[in-house]
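FYI, it's all coordinate maths here, none of it is from the lab. Note that this is a predicted model, so its numbers are computed, not measured. Cβ placement follows ideal geometry from the backbone for every residue including glycine, while neighbour counts extend to all protein chains displayed.
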Amino acid sequence: MSIPSNLQKIKSSLPDHVTLVAVSKTKPVSDLMEAYNAGQRIFGENKVQEMTEKWEQMPKDIQWHMIGHVQTNKVKFMAEYVSLIHGVDSLKLLQEINKQAQKNDRIIDCLLQIHIAEEETKFGFDEQELEVLLNLTEFQEMKNIRILGLMGMATFTNNQDQIKQEFIHLKAIFDTIQMQSVPTLKLSVLSMGMSGDYKLAIDCGSTMIRVGSSIFGERN
Ligand SMILES: *Cc1c(COP(=O)(O)O)cnc(C)c1O
């Protein structure tokens with residue numbers, strides 16, 4: 001199927017409160033433009049350099065989401081334009097985003113990545129680290145970041161029940177910290193779900209899904 005029809009099919013199945021991030025990593029600008037011309041305005045990339053090259057070439061009403069792991073020394077290259085950083089997983093990274101946002105005279109929206117998968121290789125805070133972070137005065141006083149919510153990735157497995165348990169776990173953490181009143185926190189976004197599991201993620205409370213291959217086709 002074509003990119004516009006894939007997009008249309010997915011969008012028509014989504015509840016109103018769920019935002020679709022079209023994950024366009026590795027795909028050429030011509031593919032992204034097909035999605036753009038079909039109305040898509042939110043794109044997700046996992047490498048800062050690739051995202052910046054696409055940002056330079058494409059219309060300026062696109063919201064660029066960084067969904068991958070971010071190295072501290074790359075933040076400055078996207079600070080001017082990035083719309084949401086999903087994979088924030090350390091205080092050091094938050095400090096750098098805050099600093100670069102300040103330099104660009106803006107506030108950068110972020111999601112805190114939570115480690116919910118069993119694989120050690122997936123990044124993110126665990127619950128205890130999250131608790132420590134939220135209580136740090138330094139974090140609470142960061143003026144140029146806004147934490148909009150949480151992001152998580154389930155274990156790479158076919159076991160639907162395991163994936164479901166991991167999504168439910170993330171939703172429970174989201175609900176718990178939503179009740180705390182920290183000035184930097186304005187929690188409304190729960191980013192979970194990809195091509196293979198977004199329906200399940202939505203059933204478990206996701207409000208933002210990151211879908212790549214179901215829109216653009218398999219990546220090499
Ligand atoms: C690549 C990627 C996706 C999209 O994966 P698909 O299976 O192609 O939908 C979603 N989230 C993150 C963090 C990714 O790196």
Exercise. Say we look at region 163-198 and pick out the residues that are within 12 Å of the ligand (Cβ to nearest atom) and not in a strand (DSSP E or B); which of these is nearest to GLN140 (Cα to Cα)?
Worked result: MET192
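Inspect region 122-141 for any residue being in contact with a Phe, Trp or Tyr (Cβ under 8 Å, 6 or more places away or on another chain), in contact (Cβ under 8 Å) with a residue 40 or more places away in the chain and either over 24 Å from ILE42 (Cβ atoms) or part of a strand (DSSP E or B) (or both) and give the result as yes or no.
yes
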Problem set entry | Candidates MET142, MET194, filtered to the one that is closer than 16 Å to ILE209 by Cβ and either aliphatic (A, V, I, L, M) or exposed (fewer than 13 other Cβ atoms within 10 Å of the Cβ) (or both) | MET194
For this session: Please enumerate the residues belonging to region 199-220 that are surrounded by 15 or more Cβ atoms within 10 Å (Cβ to Cβ) and part of a loop (DSSP other than H, G, I, E, B).
Result: CYS204, GLY205, SER206, THR207, GLY212
Exercise. Checking LEU148 against (1) surrounded by 19 or more Cβ atoms within 10 Å (Cβ to Cβ); (2) more than 30 Å from ILE3 (Cα to Cα); (3) away from the ligand (no atom under 15 Å from the Cβ), which single condition isn't satisfied?
Worked result: (2)
For this session: Give GLY87, GLY68 a once-over and let me know the one that is surrounded by 17 or more Cβ atoms within 10 Å (Cβ to Cβ), in contact (Cβ under 8 Å) with a residue 60 or more places away in the chain, within 20 Å of GLY124 (Cβ to Cβ) and within 16 Å of the ligand (Cβ to nearest atom).
Result: GLY87
Seminar exercise, completed: When every residue in region 35-53 that is of a type in the set (D, E, K, R) and surrounded by 15 or more Cβ atoms within 10 Å (Cβ to Cβ) is compared, the one nearest to VAL82 (Cα to Cα) is GLU45
Exercise. Quick one: which helices (runs of 4 or more DSSP H) sit completely within region 1-112 and have at least 1 residues that are closer than 25 Å to LEU136 by Cα?
Worked result: 75-78, 91-103
For this session: Scan region 199-220 and report the pairs whose first residue is near the ligand (Cβ under 10 Å from one of its atoms) and whose second residue is among the aromatic types (Phe, Trp, Tyr) and outside any loop (DSSP other than H, G, I, E, B), with Cβ atoms within less than 7 Å and a gap of 6+ or a chain change.
Result: ILE209/TYR198; VAL211/TYR198
For this session: Spot the failing condition for ILE116; the list is (1) outside any helix (DSSP H, G or I); (2) surrounded by fewer than 19 Cβ atoms within 10 Å (Cβ to Cβ); (3) of a type outside the set (S, T, N, Q), and only one is missed.
Result: (2)
Exercise. Quick one: ASN98 ticks every box in (1) over 18 Å from MET208 (Cβ atoms); (2) within 16 Å of the ligand (Cβ to nearest atom); (3) in contact (Cβ under 8 Å) with a residue 40 or more places away in the chain bar one, so which box is it?
Worked result: (2)
